[in-house]
Every structure is written in C-alpha cells, then in structure tokens.
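Below: one structure, written as structure tokens.
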Amino acid sequence: MIAIIGAGAAGWSAAEALRALGYTGKVCVFGAEPAAPYERPALSKAFLRDRELQQPPPLATDPSLGVGVGLELNATVVSIDPRSRTIATSAGAQLGYERLLLATGAECRPLRIPGSELAGIHYLRDIRDARELRAELGPGRRIVIIGGGVIGLEVAGSARVRGCEVTVIEVASQLMGRVVPPELASALADLHRARGVTVRTATRPVAFDAAAQRVAGVTLESGEVVAADAVVVGVGVVPRTELAVNAGLAVDDGVLVDDRFTSSDEHILAAGDVARVFHAGEQRHVRMEQWRPAQEQGRQAAASMIGLSKAYRDIPWMWSDQHELHIQASGFGFEDSEIVRRGDLQQRAGLGYLGVRGGRVVAACGVSVGTGIARMVRAAQTLIEHGAQVDVDALRDPGLDLRRLARRVAASRPEEAVGAP
Amino acid sequence: MPWVPVARADEIEEEDVIEVEVERRVLCVYRTKDGYFASDGICTHEHAHLADGLVMGNIIECPKHQGRFDVRDGATKGPPASTPLCTYPVKVEDGTVHVDLGDAGPER
C-alpha cells in the first residue's frame, strides 16, 4: 500500500497522479478533516464573501482518477514506525505501507499575547474556521485583522464585501513583506485604503481586550486600543512535522527531503507545506506555502514513489484576490535585486515589477483588475525557470513584449544568453 | 450556425491566442504550430479570460490559477481544471479565420 497522510492539495494530487501514471496498487489517503478534499484557497475569498456557498469547490481534477483510492476522512494518523513500515491511526488500526507520503500541510502560527484565549479571535485554515469567521461578518461589524500578509489582506477584501469596518494591523513596515517589493506594497496599502480598509503598518499588538469573556479590542504597543467585534489572526503558518519528528526523520522547519521528495528514510516522502525540499535550481532546501507548488510537489512525489522522478526545480507561483484586485507573484523573492517597474493599474495588463539579479530575472509580481497581470508574471516565470540572461534596460522598455521574449527563451537552450529584442 | 469570420489569420502570432466575441459569446482563437483552433474564452474552473493565459505548444494555461487545457479538443491537462473546455471547428480561408459555433447553446 501507498499511504498518503493529508488530503489537501499535495496529498490528493499525489493520489490522482499515481492513478494517472498508471499505478494500480492500493492507495489510501488519510484526511484529518471530515470534508472530502476541497479547494482551500476559496476559504478566504468566495467562501467568506458568499454566505450561500455550502462548500468550497471539490479538489478533484478527474473523478475517474479518484476511483479505487481509499479515502479515510476524520482519520488521524497518530504514529509512524519506519522500522516495521506501519502507521497507527486514532481509530486503533495498524496498517503496513510500502511507501508513505507525508502531506500534512501547515497550521496557523498562534499569536500568544494576553487575552489570546478569548472568544471572537479567529484563525483561518479549514472549512470549520471559515464557517465560524463567516458568521462574524456583516454590515458595520468591526473586524480587526492582525497580519498584513496574503491571508489577512484577502480576508480584509472579503470582509469589506460583506460590509464590515476593517482594520489591518501589520508589525512590519510594509504589507506582504515576503512577496512584493516596497513600492508595490505601498501601492497595495493605498488600494486597500481607497476601498475602506484602515491599514496600519509598523504597529505591534500587545494584548486583546475583553468584554463579557469576548474580544472587544486590540491594544497596540503605543497603548492605543482598536475596538473590535471580532479579530482574525493571520501571522503565518508552521509546518505540521510532529509525526515526522516522532518517527525520527530529519526535520528543520519542515521535513527535509531531497530533490525527489525522499526524506531521511527512503520509504517516506514529503510534499507540500510540510516539506522542505532540495531545489535543484536554487541548490538549497526551500519550503513553499503556496497552493500550486503544493499540488505540483504532490504530483512529482507520486512520480518519485513509482520510480519516474526528475529533480525538482519548479519556480513558485501564487495568486491572491483582494477586493476586485488580482495579484500574482513568482520566484524566490526580490532580495538584493534591481527592480524594474512595468505598466500601471489603469491598463488592463496591470502594474508589475521584475527583480533582476546577476543579469537574470529572479522574481516577478504585480496587480491588475482582472487577470491581465498574468501576462507579465507568467512570462517572467518562464524567464526565471530558464535562468535567461536579460538586459535590464530592455526590460524597462514598455514596448518590449515579455511573452515573445519568454517564448524565445523557452525555445532556446536554458543557459543561452538572450539579449534585447 | 454557419461559418463566422472572427479574425485575420496574420493577427495571431504562432503559439498565441486572441479573444473575440461572436454572438455575445467570448471565444479564444489560438494559433499553434498545428494550426488554428477555437474554444470558449472563459475558463471552466472560475471566471477568467483565457486569452490572458499562455499558449505552450497546444496547451492553453489559464491566467488565474494555471489550470491547463488542450486547445485542440478542450481536454483538461492540469489542475485545477476539471471540466473540459468547449471547442469549435475552425477554417482559414483567404487569410481569414472562421469559426463554426454549430448549435452551441446560449452564452454561459
């Protein structure tokens, strides 16, 4: 049996991939939630905005692929014994495996300040969290969001759609600090403000205030209190590595796996948010928290389990929907890069930024109304993938067709220099 | 429905796509090394204009979530796409691309 622990993006796509690749042996997926696999990204967007939506969309690309995959819901795997190659479930079952995939994902990093146990303080990770938060939203409700990252800002947009008064509190000096350069972060802050969100950066929450056992406000380090009917905390996630640690696997901010997703135990693999995978392009371990990479890692881990693997070298890509704004980013960040700005938000193609380091595009991100920004970010993703040499001045030229450049790069050898058009 | 002219053949680059509107339907017209193809212009997964997406060989990748479809028959080729894309017959005559919507239903 191939056992897959976790029925999220990585786990379920691994199960489907095993079937798509022709594997006919037994596959069993263990999901801790009661719900069948679903599209988690919808929880902070469509699911919060639309009270009528019963379930987020199912996570199944081809129903025929799920046939014959054992799916155990509400099933917690409590331990792994790598020596006997068995797992134990909370229901008391002992099951043997030939290969095991850890796809346990990540959980919300808790904010531990006085009052953090109060009712009305929400985190957002699964359907139950989303249902509870959704019930808090409504016209005039004062929602304070702690954390100006992707989740916090998506919730801010959704809460505004539901008529809430929204305040975002971010400790760092800019929003979405890990994803976008300061200039775009500043533009995004203005865009949120223009849509009625109070954005406060460089401000630390130090305590939750209570009224009748329920959160009533957030005290900032200045002593100021921001009144709240409910609070949402989105301050990052931590990988769920407890099973791996207890099984004696190598773990360091995620289960350490090689570029074929194999852990320190050759029969155990890991993929998705829980895995820190050796990236063949970057030549270092990286842990990603985005949905598309999780799916793709699951797929490639499945291939690896049946001997069809290739070294992992995908470039991370993500999107975010905030109000009517569509944001995309790709690459490993803008650190130490020269930043090229292209376009503006008045155009359909949107406002984008490219990060160039050592003559190569290393990061891209941008925002548009509608999906216009995809044209730039996707083209940049191809340039990043191929490590193409680029001319920074050419990238600054508004007349440069990035997609044409990317097509030419993709058609040529990866390391070949590509000059101006 | 008869053949409808939708674009000049030379206004689409190879490995590219344009969006056209026919009878209030949004369509994509693709040009790949295998010829010209046409499909519905909106992704079957979530509302997104596919013409903002990238054409790679005979694959169109949705700009919103990077789901993939084969432009020749609409088959899904990558998650999160799960429902095939509706495709239409195409012919090129006198440098003009024509699409036959057949008895396709009303705009979705």
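Where does the Debye-calculated log10 I(q)/I(0) of chain A sit at q = 0.10, 0.15 Å⁻¹, using only Cα point scatterers of equal weight, no solvent? After summing over all Cα pairs, the log10 values are -0.75, -1.40. Legend: mean number of C-beta atoms from other chains within 10 angstrom of residue C-beta atoms, peptide B:76-83, equals 6. Only Cα sites of segment A:119-187 enter the Debye sum here, all with the same form factor; the resulting log10 I(q)/I(0) across q = 0.12, 0.18, 0.26 1/Å is -0.33, -0.70, -1.17, listed in q order. Computed from backbone phi, the HN-Hα couplings of segment A:272-281 come to x, 4, 7, 9, 10, 9, 6, 8, 5, x Hz, rounded to whole numbers (Karplus: 6.51 cos²θ - 1.76 cosθ + 1.60, θ = phi - 60°; Gly and Pro given as x).
The label point for A:Val171 and the one for A:Val78, both projected 7 Å from the Cα toward the Cβ, are 3.5 nm apart. Our coupling estimate for segment A:205-219, obtained by passing each phi through the Karplus curve with A = 6.51, B = -1.76, C = 1.60 and θ = phi - 60°, is x, 10, 6, 9, 8, 10, 9, 6, 6, 10, 5, 10, x, 10, 8 Hz, Gly and Pro reported as x. The residue list A:Pro82, A:Gly147, A:Ala227 was ranked by how far each Cα lies along the charge dipole of segment A:80-228 toward its positive end, using unit charges on Cβ atoms, and A:Pro82 comes out on top.
Pairs of C-alpha atoms in segment A:214-271 farther apart than 17 Å represent 57 percent of all such pairs. Binning the C-alpha pair distances of segment A:153-208 at 5 Å intervals from 0 yields a P(r) profile of 5, 20, 28, 25, 16, 7, 0 %, listed from the shortest bin outward. Using only alpha-carbon positions in segment A:315-421, the gyration tensor eigenvalues give semi-axes of 22, 14, 12 Å once each is multiplied by 5 and square-rooted (largest first). Only Cα pairs under 8 Å and 6+ residues apart enter the sum, and on that basis the relative contact order of chain A stands at 14 percent.
Just to confirm a number: summing +1 for Lys and Arg and -1 for Asp and Glu over residues other than A:Gln300 whose beta-carbon lies under 11 angstrom from that of A:Gln300, what do you get? Charge balance near A:Gln300 sits at +1.
Each listed q (0.15, 0.19, 0.20 Å⁻¹) maps to a log10 I(q)/I(0) for segment A:48-107, found by the Debye formula over equal Cα scatterers with no solvent: -0.70, -0.94, -0.99. Each principal axis of segment A:1-94 carries a Cα extent, and these read 48, 31, 16 Å when sorted largest first. For the protein assembly as shown, the Cβ-based charge dipole about the Cα centre amounts to some 720 debye (Lys, Arg positive; Asp, Glu negative; other atoms uncharged). Normalised size of chain B, defined as Cα radius of gyration per 2.2 N^0.38 Å with N residues, equals 0.97. May I ask which residue of A:Ala329, A:Ala91, A:Pro57 lies farthest towards the positive end of the charge dipole of chain A, with charges of +1 (Lys, Arg) and -1 (Asp, Glu) on Cβ and the Cα centre as origin? Farthest along the dipole direction, towards plus: A:Pro57. Most tightly packed first, judged by the mean number of other beta-carbon atoms within 10 Å of their residues, the peptides B:42-55, B:5-18 read B:42-55, B:5-18.
Look at the dipole of chain B built from charges on Cβ: of B:Ile12, B:His45, B:Thr87, the Cα furthest out on the positive end belongs to B:His45. Dipole size of segment A:6-130 about its Cα centre, with +1 on Lys/Arg Cβ and -1 on Asp/Glu Cβ: approximately 240 debye, rounded to the nearest 20.
Quick note: the coordinates plus some simple rules give every number you see, no bench work behind them. Predicted model only: the values in this text are computed from it and were never measured. With ideal geometry, Cβ positions are generated from the backbone for all residues, glycine too; neighbour counts draw on all protein chains shown.
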